[in-house]
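Following: one structure in structure tokens, then a few remarks.
Laboratory data are not the source of any read-out in this text; all were calculated from the coordinates shown. Only a predicted model underlies this, so the values are computations on that prediction, with no experimental measurement involved. Cβ placement follows ideal geometry from the backbone for every residue including glycine, while neighbour counts extend to all protein chains displayed.
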Amino acid sequence: MTDPSTDTDAPPAVPAWLAAAEAAYQEQHIDTLAQGLLRARRHADLINARLAELGIEPIEAAGVDDRGNLKPARLTEPAFEPHAYYEVRAAWSEDDKEVELHTADWEEDSPTFGRVCLLNSIADVAAARREWPKLPAPRRDYGLEAVRAMDSLNPDHLNKAEAEAIATAINGTTAALLHLADVIARTNSTV
């Protein structure tokens, strides 16, 4: 019979420093979420105040969704559209620190809203209804492009020794630059 006090199946005790680290992390995480929620609420209030200042009564005021993200104000809907106009929403521009108008084709199953213009006057809403949204171009993945280029320069498929040497040198240089870029990105993200 085994002595229950020497049971080796019990999980090891968590060190005090690790418990303190977890508590500090939880506190930081809660503070970060609270700051994001307050920022979203402040931006929603700024959007709603600007709309009221211009005499615009939104269908749905700007607010904060269940996840704590800013929900833009809905200004128009398909019922208002006798012509092929776009749905308009008022959002906050982090770059300009002003209210901007976004449009999307309301006939799409899952419309993607894109920036049209800043909201300077009530006439901007009518102009936005007629304007195609400017969607940002997707970010290029230079690392993936470099790896594809390295793969296309396979030295084993070349017939000349000089060409193989050049392809190997290019592949090595590309790999070194990718590693350097990764190290710089990780260093900058931790500072």
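Comparing 67, 130, 39, which has the greatest mean-square fluctuation in the GNM of the chain with Cα pairs linked when under 10 Å apart?
67
Residue by residue through the stretch 30-38, which ³J(HN,Hα) values in whole Hz follow from phi under the Karplus form 6.51 cos²θ - 1.76 cosθ + 1.60 (θ = phi - 60°), with glycine and proline marked x?
5, 4, 5, 5, 5, 5, x, 5, 5
Residues with amide H under 5 Å of residue 118's amide H, sequence separation 5 or more or different chain, H placed in the peptide plane at 1.01 Å from N; which?
101
Between residue 112 and residue 10, what length comes free when the chain is fully extended (0.36 nm per residue of separation minus the Cα-Cα distance, one decimal in nm)?
Fully extending the segment from residue 112 to residue 10 adds 31.5 nm.
Based on Cβ point charges of +1 for Lys and Arg and -1 for Asp and Glu, what charge dipole magnitude is obtained for the chain about its Cα centre, in debye rounded to the nearest 20?
Dipole of the chain, to the nearest 20 debye: 660 debye.
At a Förster radius of 41 Å, what calculated FRET efficiency corresponds to the Cβ-Cβ distance of residue 96 and residue 166, to the nearest 0.05?
0.30
For residue 88, list long-range residues whose amide hydrogen, built 1.01 Å from N in the peptide plane, is under 5 Å from its own amide hydrogen.
For residue 88, whose amide H was placed from the backbone, the distant partners under 5 Å are 75, 76.
Starting from 0.36 nm per residue, how many nanometres of slack lie between residue 42 and residue 77 once their C-alpha separation is accounted for?
Contour length minus the Cα-Cα distance gives 10.1 nm.
Could you tell me what fraction of 2.2 N^0.38 Å the Cα radius of gyration of the stretch 142-190 comes to, as a two-decimal ratio?
Dividing the Cα Rg of the stretch 142-190 by 2.2 N^0.38 Å gives 1.38.
May I ask you to list the lysines whose Cα is less than 30 Å away from that of residue 71, ignoring any residue fewer than eight positions away on the same chain?
Counting by Cα, and skipping residues close in sequence, residue 71 has these lysines nearby: 97, 134.
On full extension of the chain, what length is gained from residue 149 through residue 52, given 0.36 nm per residue of separation minus the C-alpha to C-alpha distance?
29.5 nm
Work from the charge dipole of the stretch 142-190 (Cβ charges, +1 for Lys and Arg, -1 for Asp and Glu, about the Cα centre) and give the residue of 152, 176, 163 farthest towards its positive end.
The residue sitting most towards the positive pole is 176.
Given charges of +1 on the Cβ of Lys and Arg and -1 on the Cβ of Asp and Glu, with all other atoms neutral, how large is the dipole of the stretch 27-129 about its Cα centre, in debye to the nearest 20?
Taking the Cα centre of the stretch 27-129 as origin, the dipole is about 300 debye.
Tell me the relative contact order for the stretch 27-129 as a rounded percent, counting alpha carbon contacts under 8 Å between residues six or more apart.
For the stretch 27-129, the relative contact order is 19 percent.
Name the residues whose placed amide hydrogens come within less than 5 Å of the amide hydrogen of residue 98, ignoring near sequence neighbours (fewer than 5 apart) on the same chain.
93
Which shape class applies to the chain: rounded if a/c is under 1.5, otherwise prolate when a/b exceeds b/c and oblate if not, where a ≥ b ≥ c are the square roots of the Cα gyration tensor eigenvalues?
oblate
Residue by residue through the stretch 116-127, which ³J(HN,Hα) values in whole Hz follow from phi under the Karplus form 6.51 cos²θ - 1.76 cosθ + 1.60 (θ = phi - 60°), with glycine and proline marked x?
Those phi angles translate into 10, 6, 7, 8, 9, 8, 5, 5, 5, 5, 5, 5 Hz.
Can you show me the helix-derived [θ] at 222 nm for the chain, built from DSSP H runs with n ≥ 4 at -39,500 (n - 2.57) apiece and divided by the number of residues, rounded to the nearest 500.
Per the formula, -15500 deg cm²/dmol.
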